[in-house]
Every structure is written in C-alpha cells, then in structure tokens.
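Following: one structure in structure tokens, then a few remarks.
The values are calculated or read from the model by the stated rules, or taken from the named source; none is laboratory data. Keep in mind that this is a model prediction, so the values were computed, not measured. When we count neighbours, we look across all protein chains shown, and the Cβ atoms used for this are built from the backbone with ideal geometry, even at glycine. These accessible areas exclude ligands, DNA and RNA; they are computed on the full protein's heavy atoms, side chains included. Shrake-Rupley method; radii C 1.70, N 1.55, O 1.52, S 1.80 Å.
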Amino acid sequence: MSLVSGLELWQWRLAAGKAALEAGIPLEEVDWLLQEVAGLDPLTIRLESFKERSACSSASLSQIELQLPLQELSQLWERRLQERLPVQYLTGVTHWRHFALTVAPAVLIPRPETECLIDLALEAVNNSPTPQLDFGHWADLGTGSGAIALGLAEALTNASIYAVDCSQSALAIAQQNTQRLSYSQRIQFYQGSWWEPLEDLKGTFSGMVANPPYIPSNLLPQLQPEVVNHEPHLALDGGNDGLDCIRKLITTSADYLQPGGIWLIEMMAGQAATVVELLHQQGSYSQIKIFPDLAGIDRFALAYRV
Ligand code: GLN
C-alpha cells in the first residue's frame, strides 16, 4: 500500500492520458487502471474531485491509497504502451455482467458481446415449449475464466453447471473466480476436450453454451497486437475457416442434449450462414436462429435438439 496526494495522482493521470493519446490507446483505459489500483469510482475520476485530497500526514485519511507506488504504476502503464499488454491483464481484473473476474494471459478476456449469451440462454428457456429447461444440467464448454458458467449459474438458479476446459491453467482461474464469487456449490469443473469429460451424462443436458475459438488461423496475425501477442491462441484459433470447433460442437452436442435441449454459441461476423447450414445438415436440430450483438453483427447461433 502506498499513499499519494490527489494532486500527485492527478498529475500522473494527465501524463498517462497524454502518452495514451500519442500511442493510440483509448483514454478511458487510464481510468480503468486507476479504478482498480486507487479504488476510486469512475465518477470521482472523471470529475477529478480526487485532486483536492491532501498528502500531509495530519490529513492522512484523505490521502489516496494506491495498491502500489506511483513509480510502479508508471512502469505498468509503460507496459500497456510499449508491449501492448491489455489493461485487463495489467490489473488482473475484468468486469463482465455483475462480476469482477480475475483474468490472466492463460484465459481470453471476456468480451462485452459475450454477455448477451446469458440473456439469450434465458430467453431460449422461456420461449421453449419444453418444461423445466432451467433445471438440470447445463454445460459451458471452453470455459476459460469461467465467465459463461458464472453467468449461467446466476441466471438459472436451479441449474447445475458443468464447466469444461482443456487448459489446466484456465481452469485454475475459473475455479478461483467461482470460489471468490461463492458459486462453488453450483459449478463443477472438468479438464478435457469439449464434451469428453461429461461422457456419463449423455442425453441429459438442458443446455450447452460456448464461446469457442472461431478466428480463421490465417487471420490471427491481423488481430490487434493486444489480442494476437497476449491472449491465448488456444481460445482464438478456430482452424482453417475458423469453424473447426463449432463443427465439433454441432456434431457432438446431439448426443449430450436431452430432447428440446438448447444449443447456443458465439461466432464471428460472416459465419452465420455456414453455421445455420451445418446445423441443418446435422439433422438433430430445429428452430435454428441467428442473433446479432450490440453492434448489429450476426454473432450468436441458437438451436434446439429435436
Ligand atoms: N471475440 C474474440 C475476439 O474478437 C474472439 C473470441 C473467440 O475466438 N471465441 O478477439
């Protein structure tokens, strides 16, 4: 813990903002960092009302407590600028739905658009003629930080969630998030490839939700340096046409979902038509629907097991 005056922090923010602007990095990221390390709320930062807080010892209560000395904060910000390390890996936190999730380079940083998957799952349950889909088993395949599993656990209060990932280090982070957010009773974790570790539960799942890797391999180098140089390729690379994992989820899920069970995934812009066709061809799905994300891009595919 390190104490600074409001003025010192204000000056730091000004300099960091200037450097961000020059490096083409969004200005609000300086404030995200300050929210985490100084415990200041966004409005206090935006209005700069922290500037008046004193550093003199007689007014120590009004000093600002930083989690690390200002000099180390500068070094962190330098890494954001030079190495293009995502700010969420700098702070180790990302805010997703109601959760503050721990993240590290072993897991993909959960994106805002992925938040929609949880609402779509709920809607799919409510619009289905199959009773009690909100009960029973739900799978989050390729759980990463555990975001989707946690979102499902919160939204479907009667469901048991099975979260799978092939990466042991991702599972460690997902489990840490689950414990900290007190969902350990609701989510079970398994290491393995997609449905493989859930073999004994074939035919029983009310729903499956996944944000699988879907970027075509040849496009990876064109992604922002923050993504391609720091986020796990295991969570991004979807093979030649980006659809390897989605194809696998289409063929294997038929054996695991109960009749009427929900199949819901995230995908990339431009993949919707092929995904619909693959679902039709498989022959085990009905009521196939595509949904846009908040930017209006076709991003989610929903189907029901017949
Ligand atoms: N949405 C992520 C990105 O744009 C990709 C996530 C994924 O491949 N599932 O980088």
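Taking the stretch 18-39 on its own, how many of its residues are of a type in the set (Gly, Ala, Ser), part of a helix (DSSP H, G or I) and open to solvent by 10 Å² or more (accessible area, probe 1.4 Å)?
Number of matching residues: 3.
For the stretch 107-137, what are the residues that are touching a Ser or Thr at 6+ places or on another chain (Cβ under 9 Å) and either open to solvent by less than 40 Å² (accessible area, probe 1.4 Å) or among the acidic types (Asp, Glu) (or both)?
Passing the criteria: 107, 108, 109, 110, 125, 130, 133, 134, 136.
Of all residues being hydrophobic (A, V, I, L, M, F, W, C) and in contact (Cβ under 8 Å) with a residue 60 or more places away in the chain in the stretch 275-294, which is surrounded by the fewest Cβ atoms within 10 Å (Cβ to Cβ)? Just the residue, please.
Within the stretch 275-294, the match that is surrounded by the fewest Cβ atoms within 10 Å (Cβ to Cβ) is 294.
Looking at (1) modelled with pLDDT of 95 or more; (2) among the aliphatic types (A, V, I, L, M); (3) over 18 Å from residue 63 (Cβ atoms), which one does residue 34 not meet, given that it meets all the others?
Answer for residue 34: the failing condition is (3).
Taking the stated definitions as given, is residue 239 farther than 30 Å from residue 81 by Cβ and touching a Cys at 6+ places or on another chain (Cβ under 9 Å)?
yes
Tell me which helices (runs of 4 or more DSSP H) are completely within the stretch 203-301 and hold 3 or more residues being under 20 Å from residue 143 (Cβ atoms), or say none if there are none.
Counting at least 3 such residues, we get 244-256.
Here is a yes/no grid of residues against (1) away from the ligand (no atom under 14 Å from the Cβ); (2) within 22 Å of residue 289 (Cβ to Cβ); (3) among the β-branched types (Val, Ile, Thr); (4) under 12 Å from the mean Cα position of the chain (by Cα):
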site: 107; (1), (2), (3), (4): no, no, yes, yes
site: 142; (1), (2), (3), (4): no, yes, no, yes
site: 162; (1), (2), (3), (4): yes, no, no, no
site: 217; (1), (2), (3), (4): no, no, no, no
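For the stretch 148-177, enumerate the residues that are among the small types (Gly, Ala, Ser), farther than 22 Å from residue 202 by Cα, out of contact with any Asp or Glu (no Cβ under 8 Å at 6 or more places or on another chain) and open to solvent by less than 10 Å² (accessible area, probe 1.4 Å).
The answer is 170, and nothing else.
Tell me, yes or no, whether the stretch 75-89 has at least one residue that is away from the ligand (no atom under 16 Å from the Cβ), closer than 23 Å to residue 167 by Cβ and outside any helix (DSSP H, G or I).
Yes, there is a match, as at least one residue in the stretch 75-89 is away from the ligand (no atom under 16 Å from the Cβ), closer than 23 Å to residue 167 by Cβ and outside any helix (DSSP H, G or I).
For the subset of the stretch 216-226 comprising residues that are closer than 24 Å to residue 80 by Cα and out of contact with any His (no Cβ under 8 Å at 6 or more places or on another chain), which member is least open to solvent (accessible area, probe 1.4 Å)?
Top of the filtered list is 226.
Going through the stretch 227-251 one residue at a time, which ones are away from the ligand (no atom under 15 Å from the Cβ) and open to solvent by 40 Å² or more (accessible area, probe 1.4 Å)?
Listed by number, the list holds a single entry, 251.
Please work out if residue 189 is within 14 Å of the ligand (Cβ to nearest atom) and aromatic (Phe, Trp, Tyr).
Here the answer is no, as residue 189 does not meet what is asked.
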